[in-house]
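Derivation of every value follows stated rules applied to the coordinates shown; laboratory data play no part. The model shown is predicted, which means the values in this text are computed figures rather than measured ones. Positions of Cβ are backbone-derived with ideal geometry, glycine not excepted, and every protein chain shown enters the neighbour counts.
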Amino acid sequence: MGLVANAGDSRAAVVDRPGAVAVAAVLGYLVLDLVVKLSGISVFFLGMQVLGGSLELGSLLSMVIDGLLVGLAVGLAGIGLSMTYSILDFANFAHGDTVTAGAFLGWVAAYIAAGLGTGAPIAELFMLNSGRQLSTVSTFVPVLLGLVVAGVGSVGVTLLVDRLTYRPMRAAGNISLLIASIGVALAMRYLIAFVFGTQTSGVASGGLRITFFGTVSMTDNEVTLLVVSLLLMLAVHLLLQRTKLGKAMRAMADNEDLARVTGIPTERVIRLTWILGGGLAGVGGYLLVLESGTISFNFGWILLLLIFAAVIVGGIGSIYGAMAGGVLIGLVDSLALIWLPSGLTRAAAFLVLIVVLLLRPSGIFGGVTTA
Amino acid sequence: MSQRATVSAEVTLPDPSERLLAIRNLDAGYGDLQVLSDVHMDVADEEYVVIVGPNGAGKSTVMKSVFGLTTYMGGEVVFDGTDISERNPDEIIYEGISYVPQTGNVFGSLSVRENLEMGAYILDEVPEDRIEDVYERFPILRERSEQDAGTLSGGQQQMLAMGRALMLDPDLLLLDEPSAGLAPDLVEDMFDRIDRINDDGTAILMVEQNAKEALRRCDRGYVLVQGQNRYEDDGSVLLNDEQVRQDFLGG
């Protein structure tokens, strides 16, 4: 439903879907306010500023880019969560710590590769505390290597966890699996804390700032996140639509019983699901650290709430929903800064989650297409 | 009145090796719950066999047991000389049996063509000639080939489900209530299509609520009651039997 409807339609809409109308009204107010803010006008009513203020177009655009970047990484990590939900039928709470594990593996590899030959002791490099800041431009090969290690490493972690924990209890109910995944999450998080400590380490900072259209600028690290995550999403799309195994994954997400009687090798599809989901989670985490510059033992756990929000907004079980939901949640989280203090932007993201679920309980892509 | 062949100890069952499918003394169910006891059934090459009986008689369970979807509790299921009673569905599909469940029998978010491709998943390459055969048989599927299966009508989904099952050119097709949920004017059409599949050389074992129509068309029928064999004979014989008519065909 559009924001502008003719009088007859809107009267019917008010009666049928008061919630949708209220949301449309709030959105309308925010858009109007945004336009007024951009034109630098303030509107006062009864001594209170009801509209406007000031906002530079450039800072609006950089907020959009920030939101988009975080959203893409969240979406990338969300693909795995959504797939394990639809194919294995349980909400994997260890997914956030897979993100952390992948990021640590990748950054340790990148750090050691970048530090070799500089005389820095390996132990210090391993602990990510030699104080060096990596960037895509200045240390291209180590950053690329770290990316690959993050992907491959988190695949290994995921398969190991599946073998040790989930596979022996595949016949158990999905609530048991969910609880087991919380245990796995705790174990992984504190294993990482045990090895690397609980401090936050600065590991990356942009090596080059590129300005587009005179107003917007991005660092090389941000461009890397943008390009790599878009490429990976395209690759996932092609895998699902063009390859036999990808189609089998969609089939299995759609109807597991039918997949089994059709002769689809379900165990193999499950393994591929873990591989793909785990790998993307690790890469997502690695890229997010590249963009934000810092890494700590619990950043994936904190991110998990956003990932869940993204997956649920998009329609849990839908891979395209996870990508779209990630971007939406990222954008909301970032753009909420225009109206809210920075401590409350997370709340705005969850408010959007609640509103979407009230209007469309199965999520944006839910019920439309399972993959 | 024609003679009625009830099951008794004297009936000598054919040697399983002479039949495409032979079920002997089968006990099966779900978990701890036994549904079938001492069931026997035969399907010859290119034969069309129907299972009828009241609700809860275990008709679908027979079919699921053939396909390895139930808990095996005893007896044997022999297909083409091989004992398949304790095999899994993903192994049985290689033997030449395809199964069309009653509900949820298409992948709703996959296109019609992708559904057919999944039907031939165990082959290395997509068999274009088989897809072509299915399109010849069900022309509406060719028209809808790029559409998501979930958007098809009930009758079209049923055709797609059969088409998917025919992708491997099976020797035996298991159909679970193919006319369920179809509009009355489509039921005849569905039975005609099943006749043609059988005429082209595929043996059929079918469960059907629409018992009269199914018995009219099949070669042989079995009446199953409370998980046990009650009657068996040629379809037309069962159809004309006073007792069967009264108890199971509504007079």
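Based on the Cβ-Cβ distance of B:ASP195 and A:ARG167, what FRET efficiency does E = 1/(1 + (r/R0)^6) give at R0 = 45 Å, to the nearest 0.05? Intermediate values should be presented prior to the final figure.
Details: r = 46 Å, r/R0 = 1.03.
Efficiency computed from Cβ-Cβ geometry: 0.45.
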> From the Cα gyration tensor of the range A:11-113, with a ≥ b ≥ c the square roots of its eigenvalues, which class applies: rounded if a/c is under 1.5, or else prolate if a/b is larger than b/c, or else oblate?
Replying inline: oblate
>> At R0 = 22 Å, how high is the FRET efficiency between A:LEU245 and B:ASP124 if r is their beta carbon distance? Nearest 0.05 is fine.
In response: 0.95
> Separation of the range A:283-351 and the range A:229-257 by C-alpha centroid, Å?
Replying inline: 23
> Average partner chain C-beta neighbours within 10 Å, per residue of B:63-72?
Replying inline: 1
> Rounded to the nearest 0.05, what FRET efficiency is calculated for B:ASP133 and B:LYS212 with R0 set to 45 Å and r the Cβ-Cβ distance?
Replying inline: 0.90
> Along the three principal axes, how long is chain B when you take its alpha carbons, biggest first, rounded to the nearest angstrom?
Replying inline: 54, 38, 33
> So, in nm, how far is label B:GLU86 from label A:VAL43 when the simple model puts each one 7 Å beyond its Cα toward the Cβ?
Replying inline: 7.8
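Does the range A:56-359 come out rounded, prolate or oblate by the C-alpha gyration tensor, with a ≥ b ≥ c the root eigenvalues, rounded set by a/c under 1.5 and, if not, prolate when a/b is larger than b/c and oblate if not? Can you show the working numbers first?
Details: a/c = 1.68, a/b = 1.26, b/c = 1.34.
Oblate, since a/c reaches 1.5 and b/c is not below a/b.
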>> Quick check: from the Cα gyration tensor, does the range B:106-161 come out rounded (a/c under 1.5), prolate or oblate?
In response: oblate
> Along the range A:170-177, what does the Karplus equation 6.51 cos²θ - 1.76 cosθ + 1.60 (θ = phi - 60°) give for ³J(HN,Hα), rounded to whole Hz, x for Gly and Pro?
Replying inline: 5, 6, 6, x, 6, 5, 4, 5
> Averaged over all directions, how much area does the convex hull of the C-alpha atoms of the protein assembly as shown cover when projected, in nm²?
Replying inline: 36.3
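Hey, got the average number of other protein chain Cβ atoms within 10 angstrom for residues in B:89-97?
Counting Cβ atoms of other protein chains within 10 Å of each residue's Cβ and averaging gives 3.
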> Which ordering of B:MET63, B:MET159, A:MET169 is given by a fewest-first count of other beta-carbon atoms within 10 Å?
Replying inline: A:MET169, B:MET63, B:MET159
>> Just to confirm my numbers, what's the Cα centroid distance between the range A:66-136 and the range B:176-251 in Å?
In response: 61
> Extension gain A:THR211-A:TYR190, at 0.36 nm per residue separation less the Cα-Cα distance, in nm?
Replying inline: 3.5 nm
> Can you list the HN-Hα couplings for the range B:195-202, worked out from phi with the Karplus curve (6.51, -1.76, 1.60; θ = phi - 60°), rounded to whole Hz and with x for Gly and Pro?
Replying inline: 3, 5, 4, 5, 4, 7, x, 9
>> I'd like the chymotrypsin sites (Phe, Trp or Tyr not before Pro) in the range A:317-371 restricted to DSSP loop residues with at most 14 other Cβ atoms within 10 Å, sorted by number.
In response: A:TRP339
> Each residue of the range B:21-32 in turn: what ³J(HN,Hα) in whole Hz from Karplus with 6.51, -1.76, 1.60 and θ = phi - 60°, glycine and Pro shown as x?
Replying inline: 10, 9, 10, 10, 6, 6, 10, 7, x, 10, x, 8
> At 222 nm, what helix-only mean residue ellipticity would the protein assembly as shown give, in deg cm²/dmol to the nearest 500, using -39500 (n - 2.57) for each DSSP H run of four or more?
Replying inline: -17000 deg cm²/dmol
>> Looking only at the protein assembly as shown, where both bridge partners belong to it, what percent of the DSSP beta bridges are antiparallel (to the nearest 5)?
In response: 65
> Say we join alpha carbon atoms closer than 10 Å with springs in a Gaussian network model of chain B; which of B:THR61, B:THR82, B:THR70 then has the biggest fluctuation?
Replying inline: B:THR82
>> Can you give the local net charge around A:THR198? Use residues other than it whose beta-carbon is closer than 15 angstrom to its beta-carbon, Lys and Arg +1, Asp and Glu -1.
In response: 0
> Which cross-chain or sequence-distant (5 or more) residues have an amide H under 5 Å from the amide H of A:THR219, H modelled 1.01 Å from N in plane?
Replying inline: A:ILE210
> Does anything in the range B:199-231 have its amide N under 18 Å from the 7 Å Cα→Cβ label point of B:GLU46, and if so which residues?
Replying inline: B:199-205, B:218-220
> What order do you get for A:ASP97, A:ASP333, B:ASP32, B:ASP192 when you list them from fewest to most C-beta neighbours inside 10 Å?
Replying inline: B:ASP32, B:ASP192, A:ASP333, A:ASP97
